[in-house]
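The values are calculated or read from the model by the stated rules, or taken from the named source; none is laboratory data. Bear in mind that the values here come from a model prediction, so they are computed numbers and not experimental data. Ideal geometry is used to build each Cβ from the backbone, glycine not excepted, and the neighbour counts take in all protein chains shown. Accessible surface is based on the protein model in full, side chains and every heavy atom, while ligands, DNA and RNA are left aside. Shrake-Rupley method; radii C 1.70, N 1.55, O 1.52, S 1.80 Å.
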Amino acid sequence: MATQYRKAYVPVTLDVDKEGAILPRLIWWDNGVIFQIDQILYKCRATSKKVGGGGIRYTVQIRGKESFLFHEGDKWFVEAKEDNCS
């Protein structure tokens, strides 16, 4: 069975450098878990192929794994795996 994904809006802690570049640092999950972004690998304008929507896509490394974090207008979202308990 293929993995299902949903668009999950998340709070993000970020830094802004002296040139105005946005540097996301932490992703806060609804259940209180905080994911530290170890490294920003790439930044570009892109759409999410899994959940739709888009904006600025940050390819980030968290706990040794690559993931996408999207800055869409004033909001941030990730492509979260659906919890299917059936």
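Hand me the trypsin sites (Lys or Arg not before Pro) from the stretch 1-49 located in a DSSP loop with no more than 13 other Cβ atoms within 10 Å, in residue order please.
Those that pass, being in a loop and sparsely packed, are Lys18, Lys49.
With loop defined by DSSP as not H, G, I, E or B, and exposure as at most 12 other Cβ atoms within 10 Å, which is the longest segment of the chain clear of exposed GluC sites (Glu not before Pro)?
Between the exposed loop sites, the longest stretch runs 20-81.
In the chain, what is the count of Lys pairs whose alpha carbons are under 16 Å apart, counting only pairs at least 8 residues apart or on separate chains?
Pairs that pass both the separation and distance tests number 7.
Rounding to the nearest 20 debye, state how big the charge dipole of the chain is about its Cα centre with +1 on each Lys and Arg Cβ and -1 on each Asp and Glu Cβ.
The calculated dipole for the chain is roughly 240 debye.
Considering the stretch 7-79, what Rg and Dmax in Å follow from its alpha-carbon atoms?
11.6, 34
Along the stretch 62-79, what does the Karplus equation 6.51 cos²θ - 1.76 cosθ + 1.60 (θ = phi - 60°) give for ³J(HN,Hα), rounded to whole Hz, x for Gly and Pro?
Values, residue by residue: 10, 6, x, 10, 7, 8, 9, 10, 10, 9, 10, x, 9, 10, 10, 9, 10, 8 Hz.
What distance in nm separates the two pseudo spin-label positions at Asn31 and Thr13, each 7 Å out from Cα along the beta-carbon direction?
2.0
Given R₀ = 35 Å, FRET efficiency for Ala21-Glu66 by Cβ-Cβ distance, to 0.05?
About 0.95, to the nearest 0.05.
Of all chymotrypsin sites (Phe, Trp or Tyr not before Pro) in the chain, which ones are in loop regions per DSSP and have a Cβ with at most 14 other Cβ atoms within 10 Å?
Trp29
Suppose the chain between Thr59 and Tyr42 were pulled fully straight at 0.36 nm per residue; how much longer would it get relative to their current alpha carbon spacing?
5.6 nm
What figure in square angstrom, to the nearest 10, would you give for the accessible area of Ile22 with a 1.4 Å probe?
Only protein atoms counted, so the area is about 50 Å².
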